[in-house]
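Read through the structure below, which is laid out as structure tokens, and then see the notes.
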Amino acid sequence: MKKKVLSILSLSVVCWMNAQEKDSLNQKKVEEIVITGQYKQQSVNKSIYKVDVIDAAQIKSMAATNVADVLNQSLNIQVTPDSKSGNSTANIMGLDGDYVKILIDNIPVVGDTGLGSNIDLTKIALSNIERIEIVKGSMGVEYGNGAVAGVINIITKKNNTKKVSVRGSLQEETVRNNYDLKKKGQGRHIQNLNIDYNISKEWFANVNFNHNQFMGYEGNSEGYKYFGQDGRRGYEWNPKDQYESSALIRYSKDRTTFFYKMSYLKENFNFYNSEVSRRPLNDGLGGVEYESRDRKYNTHRWIHQFNIQTNLGHIRYMGDFSYQNQDRKYFDYNYDIPNRNIKSQQEEKSYYKTDVIYSRGMFSNFLDSKTFDFQLGYELDYTSGYAALIAGDFFGEAVKRKIFTYSNFLSAEWNISDRFSVRPGVRLSLSENFDNQYNYSLSARYKTTENSNLRAVVGSANRFPKYDELYTYFVNLNHDIQGNPDLKPETGFSIGAFWDQNFTTANDWRIGYGIDALYLDVRDRIDMMIIKEPSTYKYMNINRYKNMLLSANVDFRKDQFAFSVRGSVNARSMTLNEVKNDSADDFQYIIQAGASATYKLKNTNTNFSLYYKYTGDDRLYVADTAGGVRLGKTDGFHMMDFIVSQPFWNNHFEISAGVKNIFDVTSVKSTALAGSSHTVASGTINLYYGRSYFARLMFQF
């Protein structure tokens, strides 16, 4: 493995050292603009929050196909895939997708369990994304329920300088050693098309289409055509097919801007049963039929958003209004494996359905002063829907819900001097299902020099209980697992300090570096607790989670060359009050490191990109089936991607090729998965399907 790393790094360094001339475009400093947690769009350097930005150029150089692929390269964000369901969710500071708020254009996205949380990142394509903004820590004042570990805000493109612009790409990838262009072939096949049109000076329109077809990965299984009765039929990573389209119309004149955007997602996901039935035909010829009971899942998601930014006198108003719905359906069918046909199928049924009416509005600039300003905001979320038995073990045919949450939040920003600013904030959330929730924040930014900032942030957030935690009811001879309608929301608190600085040396090196320190404390964590021996469990507010993060990064840039190094130490502690014995709540540490490098040849504009990330061994105390605790371990792993891109014909076309997951990571050994009352902890965690190769053709006119 070390030889592979050295050979690839050596090849990259040789390419970088061939440069002789400077790129004048790279000498121009373009300030990044952010919106997450801001009163209005402003430069990332002036933001009172520490906002990490992944821009369109970085996304393009990664040759990623969805948001999950991009975030996999980010330090202290672990994308957790589920090879059976096909979903991938973001894990920040050791907390899963339930604690991370996912936004698109500053509004939360509808998902299976509600709004903004536990969102499948593979369902968000990249073909029309301008940047991704990430804020770590509790952001309950600005974004409410679920923003406990952080916020990920995906910003789409809404303008273009050309009258008409057409962009698109075709990308083909192997899935480890599998690839075939045939309809029932192997590999991954991605196509997208984007059209921008400036109707007039005030009006802009955009349409976008994306298709991502993943043919699955068999791994140690034998695929859907196999009819042996040894449990090897099916896939380690199940096939799925995604279609996503969107349309936008935008108006901008003077100090008023508004847009309406509509997007639609359709996903088909196939599950192939490992169990095969063998039935004699009794035809006197010894005929036998082999069939399996398979299942197909279909997801439909609609998102409608209207955003307006305008001035009411000197008061600035920004409002979002959205209607979203997601419907996940399934049907079972009996599949005749040798003859490749469906013998019979059941009626398609919905098992997760969510409808959301959402609005968020903010008023600011009341005093029309650069020294002091305050913001008054509101947020309302009316969610209705249901979850049926297939989605979890619930009591009855389906669990219906109607949740209305209304919040008001207030913050003030005081620029005490040219160098020092503070912003306190508070939010009150009212819900017909839970007690009132109060969140608070205090942020400060001190400009130590012209190119250096020191930030400090204290904040809180809450997380409302989910379907399964409230309504699970799974009782038979061997199991008794119950939800708890009386659960109260979890509460999170974080405090962080962030320092960054950048400067230019005498020989034109641009260097930036930063240090982040963050502490997170989550109380009243919801977990299953045994309430009666030997197997009666119930969800309770019983546990506590603490996390301490220290990270640093250094970025170098000169002419055609850019290089970044980053590292972190993460300490986690869990108090497991559900176990019989005293739990070991001391901190366990995990180390992460990463590097990225890009280099462009001046004469040909050939671009080389290298991305590397190391995730160290992860140790964590977990509950065991005997009612005590044990120290589990998940092995560390290395990830590396290498991409080469070549534009031609006046940059109208670009060809890219490369290799992803160079170290061929598939699964890692783990003893840190706690067995529940009716499941046994697995010895491995599926992370990826291994090394893959890709080729991409991009075009723009």
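The values are calculated or read from the model by the stated rules, or taken from the named source; none is laboratory data. The structure displayed is predicted, hence computed values, not measured ones. In this analysis, Cβ positions are derived from the backbone assuming ideal geometry, glycine residues included, and neighbour counts consider all displayed protein chains. Each accessible area value is taken on the protein alone, full model and side chains, heavy atoms only, with ligands, DNA and RNA left out. Shrake-Rupley method; radii C 1.70, N 1.55, O 1.52, S 1.80 Å.
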Legend entry - Value of Rg to Rh for the range 152-255 (Rh from inverse mean 1/r over Cα pairs, i.e. Kirkwood): 1.21
Inset, instruction - At 1.4 Å probe size, with every protein chain present, just tell me what the per residue accessible area of the range 221-294 comes to in Å². - result: 52 Å²
Inset, instruction - Kindly state, as a whole number, the per residue volume in cubic angstrom of the convex hull around the alpha carbon atoms of the range 75-227. - result: 156 Å³
Legend entry - Net charge of Cβ neighbours under 14 Å - reference L430; Lys, Arg +1; Asp, Glu -1: -3
Inset, instruction - Would you mind getting me the FRET efficiency between A506 and F653? Use the beta-carbon distance for r and R0 = 51 Å, nearest 0.05. - result: 0.80
Legend entry - Theoretical FRET efficiency, 1/(1+(r/R0)^6), r = Cβ-Cβ of R523 and R232, R0 56 Å, to 0.05: 0.75
Legend entry - Viscosity 1.306 mPa s, 10 °C: Kirkwood-radius Stokes-Einstein D of the range 83-169 over Cα pairs, µm²/s: 114 µm²/s
Inset, instruction - Subtracting the Cα-Cα distance from 0.36 nm times the residue separation, let me have the gained length for D327 to D664 in nm, one decimal. - result: 117.8 nm
Inset, instruction - Determine the relative contact order of the chain: mean sequence separation of Cα pairs under 8 Å and six or more apart, normalised by residue count, in whole percent. - result: 10 percent
Legend entry - Cα principal axis extents for the range 457-554, largest first, Å: 76, 25, 21
Legend entry - Read-out Cα extents along the principal axes in Å, derived from the coordinates shown; its label in (i) 104, 63, 52; (ii) 88, 60, 52; (iii) 69, 67, 55: (ii)
Inset, instruction - Indicate the gyration tensor shape class of the range 134-196 (rounded, prolate or oblate), computed on the Cα atoms with a ≥ b ≥ c the square roots of the eigenvalues: a/c under 1.5 is rounded; otherwise a/b larger than b/c is prolate and the rest oblate. - result: oblate
Legend entry - Cβ-based net charge around R544, under 11 Å, with every Lys or Arg adding one and every Asp or Glu removing one: -2
Legend entry - With every protein chain in place, the chain: carbon and sulfur % of accessible area (1.4 Å): 55 percent
Inset, instruction - Give, rounded to the nearest 20 debye, the magnitude of the charge dipole that the chain has about its Cα centre when Lys and Arg contribute +1 at Cβ and Asp and Glu contribute -1 at Cβ. - result: 1620 debye
